[in-house]
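Taken together, the values in this text are just the output of simple stated rules run on the coordinates, not laboratory data. Quantities reported herein were computed from a predicted structural model and do not represent experimental measurements. Positions of Cβ are backbone-derived with ideal geometry, glycine not excepted, and every protein chain shown enters the neighbour counts.
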Amino acid sequence: MMKTLQTIIILLVLLLDVSVSAFYSFQQTVTRSITTEAAPTVEQAYQLGKTRLAKLHDSTTSELEQMLIDEVGVVEANTLHIIDEGSVSIQERMGIDRELSYVGVVKVDVSFVPHEYDD
């Protein structure tokens with residue numbers, strides 16, 4: 001009876017540990033915005049944004065990880081994917097010199113599994 005009870009307790013502890021590990025390895029989906037450099041016209045800012053969006057879509061998973069590491073953090077290998085077409089919008093900015101400039105804002109939804117650190 002005592003041995004059976006010990007076995008049950010050990011199994012419960014193992015199951016709890018596996019459940020917690022599985023919980024933390026779930027796929028996450030987030031929207032990320034990437035801002036281009038400033039351009040003197042709206043048209044140029046749109047072009048910069050479209051170019052950046054195309055580069056994201058043409059990138060390998062490892063290239064995406066390098067480009068988006070500041071946005072999503074460290075992720076499990078080969079889990080980062082763009083899951084939508086994305087969009088480009090424009091922000092108008094005025095500097096202290098009162099000169100207008102425009103930046104492209106590229107928005108994409110990405111899916112990934114965050115990297116787990118073993119303690």
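Taking 0.36 nm per intervening residue step and subtracting the Cα-Cα distance, what contour gain separates residue 35 from residue 109 on full extension? Please report the intermediate quantities before stating the final value.
On the way: separation 74, 0.36 × 74 = 26.64 nm, distance 1.48 nm.
Going from the current span to full extension adds 25.2 nm.
Relative contact order of the range 27-112: 48 percent, from C-alpha pairs under 8 Å at least 6 residues apart in sequence. Among 89-98, 102-111, sorting by the average number of other beta carbon atoms lying within 10 angstrom of each residue, highest first, gives 102-111, 89-98.
Rounded to the nearest Hz, the phi-derived 3J(HN,Hα) couplings of the range 81-91 under the Karplus curve 6.51 cos²θ - 1.76 cosθ + 1.60 (θ = phi - 60°) are 9, 7, 10, 8, 6, x, 8, 10, 10, 10, 10, where x marks glycine and proline.
Counting 0.36 nm for each residue step from residue 27 to residue 59 and taking away their Cα separation leaves a gain of 9.5 nm. The calculated P(r) of the range 27-112, using every Cα pair and 5 Å bins from 0, goes 3, 16, 24, 21, 14, 11, 7, 4, 1, 0 in percent. The H on the amide N of residue 76, modeled in the peptide plane, is under 5 Å from the matching H of 113, 115, each at least 5 residues off or on a different chain.
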